[in-house]
Amino acid sequence: MSEMNAPVTGAVVVVGTHWGDEAKGKFVDLIGQDADVIIRYGGGPNAGHTVIVGDTTHKFHLIPSGILNPRSLCLMADGMVIAPEVLAREVATLREHGLSVENLRVSQNAHVILPYHRKLDLLEETAKGEGAIGTTGRGVGPCYADKASRIGIRMGDLVNEERLRERLRVVLPMKNALLTKLYGAEPFTEEEILAELLPLADTLRPFVCDTQALAYDAVAVGKRILFEGAQATLLDIDGGTYPYVTSSHPISGGATIGTGVPPTAIGQVLGVVKAYTTRVGAGTFPTELLDERGERIRERGHEYGTTTGRPRRCGWLDAFALRYSMRVNGITGLCMGHLDVLAGFKTVQICTHYAKNGVKLAHFPTGDVSLLDGCEPVFETLPGWEEADWDRMTRFEDLPANAQAYVRRVEEIAGIPAVLVSVGPRRDQTLVASGKPAPRELFTLQRPQVFGAPALAPIPSHVL
Ligand code: IMP
């Protein structure tokens, strides 16, 4: 068989199942060791991923965690929004650590976050008053808004001085009118923006190219492709808890929209879930623990934002939201992390449903954010587990019996098998259950025909 006709192995997508910070970076890093191409498909410097390899901690906001694998091509695809100064800094940091960036490519179609986006992000948040979303303030929302309004500036424009000047001449007067007339803020001059951007363009030019074509060629010759999700399902602009969401598509579908790779190339979707749930920023969070139990999870789990340092809100695992996440992403396997953090609780709880005015909801409510207000979580209580020697564990079966039972119960509720379980930040603190595929096998697994647990309510016959 010629290389061009080789069978397409299934790409693997890694997504966050809740409101972000599920520690996807660790799993991407692990599975990415066997990937030929690692692609980040959405979001921007609002993300933050920490990967610990040996004694070194790496923190990235833009560059995919996959960069640590020198064997794989690392793409920042069309769906991303890129702050050039952050990217240039991350490239410099990697080089300082003696790590190669030879394998990094940035899409010419990714949009550029400009100084006015950051300013507008902060001004818009202030203008929203009580309704503020609690954005990361990195200009992400205003940049995606310009993309949709077709007044964005793309990486391909950034690295072409003539085109950059042309675009700025059209866009900047509109942005300055908004800044000065609506918000009474200072305008930007074309010169100051160019003075900041042109040197950055020189640094980044070698990386900018047609990543769609690279990704497609990799699919066509059967390379092992890993899509690295940023943010998470409930922050999706359409499927999330709008308006308390980000402005991109973190769900698995974003992996095709944001890269140009067709959906048929995807084989597995891994949902990364913590043993508990966290949320940063505003918005209803039904399983939130506002007492010392939440505090204990936050301290033990180091639940402080990588990007903003904000303390994360912590609560019991929301498996009702997990079922929704399974549905919109088509999750085929769970990667469950932070099991060690829950050690020491006499009992632990899992939210299986929400109830509103005493009635169990059939589906996780996303249509109208007010539907989530007043939802009471319905919990199932399970026995907790004691501290264990988390450093020495190598197999799922080494976990305390109650921790194993907890994972099994989550699998049952979600209707999805757990393929990897993590008990600490290091690569080697990841456990594979016997009978489950090893990370390298994920790329060649047959896509299962099951769609997880069925929806709770039968579909009314008049709808079908
Ligand atoms: P933005 O993405 O900065 O516009 O923020 C919108 C919402 O998404 C806020 O509630 C943020 O806290 C949240 N958010 C954005 N990125 C992340 C992330 O990587 N982890 C968790 N929350 C995030």
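The values are calculated or read from the model by the stated rules, or taken from the named source; none is laboratory data. This structure is a prediction, so every number in the text was calculated from the model and none was measured. Counting neighbours? That spans all protein chains shown, and the Cβs are built from the backbone with ideal geometry, glycine included. Only protein heavy atoms, including side chains, enter the accessible area calculation; ligands, DNA and RNA are left aside. Shrake-Rupley method; radii C 1.70, N 1.55, O 1.52, S 1.80 Å.
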Of all residues being closer than 16 Å to Leu62 by Cα and open to solvent by less than 30 Å² (accessible area, probe 1.4 Å) in segment 114-141, which is modelled with the lowest pLDDT? Just the residue, please. Gly137
Among the residues of segment 325-335, count how many are surrounded by fewer than 24 Cβ atoms within 10 Å (Cβ to Cβ) and either of a type in the set (Phe, Trp, Tyr) or in a loop (DSSP other than H, G, I, E, B) (or both). 1
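Scan segment 226-242 for residues that are more than 9 Å from the ligand (Cβ to nearest atom) and open to solvent by 20 Å² or more (accessible area, probe 1.4 Å) and report the count. Even if it seems obvious, please write down each step before you answer.
Looking only at segment 226-242, we keep the residues that are more than 9 Å from the ligand (Cβ to nearest atom), and these are 226-229, 233-234, 236-239, 241-242.
Restricting the remaining residues to those that are open to solvent by 20 Å² or more (accessible area, probe 1.4 Å) gives 237-238, 242.
So the answer is 3.
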Out of everything in segment 336-374 that is in contact with a Gly (Cβ under 8 Å, 6 or more places away or on another chain) and in a strand (DSSP E or B), what residue ends up being farthest from Trp19 (Cα to Cα)? Thr347
Unmet requirement for Ser247, which otherwise passes all of (1) closer than 19 Å to Val272 by Cα; (2) open to solvent by 10 Å² or more (accessible area, probe 1.4 Å); (3) of a type in the set (S, T, N, Q): (1)
For segment 199-212, enumerate the residues that are open to solvent by 40 Å² or more (accessible area, probe 1.4 Å) and out of contact with any Gly (no Cβ under 7 Å at 6 or more places or on another chain). Pro199, Asp202, Thr203, Arg205, Pro206, Asp210
Test result for Tyr144, open to solvent by less than 60 Å² (accessible area, probe 1.4 Å), assigned to a helix (DSSP H, G or I) and closer than 17 Å to Glu85 by Cα: no
Which of the residues spanning segment 422-444 are crowded, with 17+ Cβ neighbours inside 10 Å, polar (S, T, N, Q) and touching a Gly at 6+ places or on another chain (Cβ under 9 Å)? Ser422, Thr430
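Could you tell me which of the residues Val273, Val261 is within 16 Å of the chain's Cα centre (by Cα) and either assigned by TED's automatic domain parsing to the domain that holds Gly42 or within 16 Å of the ligand (Cβ to nearest atom) (or both)?
So the residue among Val273, Val261 that is within 16 Å of the chain's Cα centre (by Cα) and either assigned by TED's automatic domain parsing to the domain that holds Gly42 or within 16 Å of the ligand (Cβ to nearest atom) (or both) is Val273.
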Is it the case, given these coordinates, that Ser434 is hydroxyl-bearing (Ser, Thr, Tyr), in contact (Cβ under 8 Å) with a residue 40 or more places away in the chain and assigned by TED's automatic domain parsing to the domain that holds Leu289? no
Among the residues of segment 276-296, which ones are away from the ligand (no atom under 16 Å from the Cβ) and either hydrophobic (A, V, I, L, M, F, W, C) or not assigned by TED's automatic domain parsing to the domain that holds Ala414 (or both)? Leu289, Leu290
Taking the residues in segment 28-84 that are away from the ligand (no atom under 16 Å from the Cβ) and of a type in the set (Ser, Thr, Tyr) as candidates, determine which candidate is least open to solvent (accessible area, probe 1.4 Å). Ser72
When you check Ile331 against the structure, is it closer than 13 Å to Asp318 by Cβ and within 24 Å of the chain's Cα centre (by Cα), yes or no? no
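Table: residues versus (1) assigned to a loop (DSSP other than H, G, I, E, B); (2) more than 12 Å from the chain's Cα centre (by Cα).
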site	(1), (2)
His18	yes, no
Glu22	yes, no
Ala35	yes, yes
Pro45	yes, no
Ile52	no, yes
Lys59	no, yes
Ile63	yes, yes
Arg71	yes, yes
Cys74	no, yes
Please enumerate the residues belonging to segment 305-324 that are touching a residue at least 24 places away in the same chain (Cβ under 8 Å), more than 10 Å from the ligand (Cβ to nearest atom) and not in a strand (DSSP E or B). Ala319, Phe320, Ala321, Leu322, Arg323, Tyr324
Report the residue count in segment 244-258 for those that are more than 9 Å from the ligand (Cβ to nearest atom) and either in contact with a Gly (Cβ under 9 Å, 6 or more places away or on another chain) or closer than 23 Å to Thr306 by Cα (or both). 8
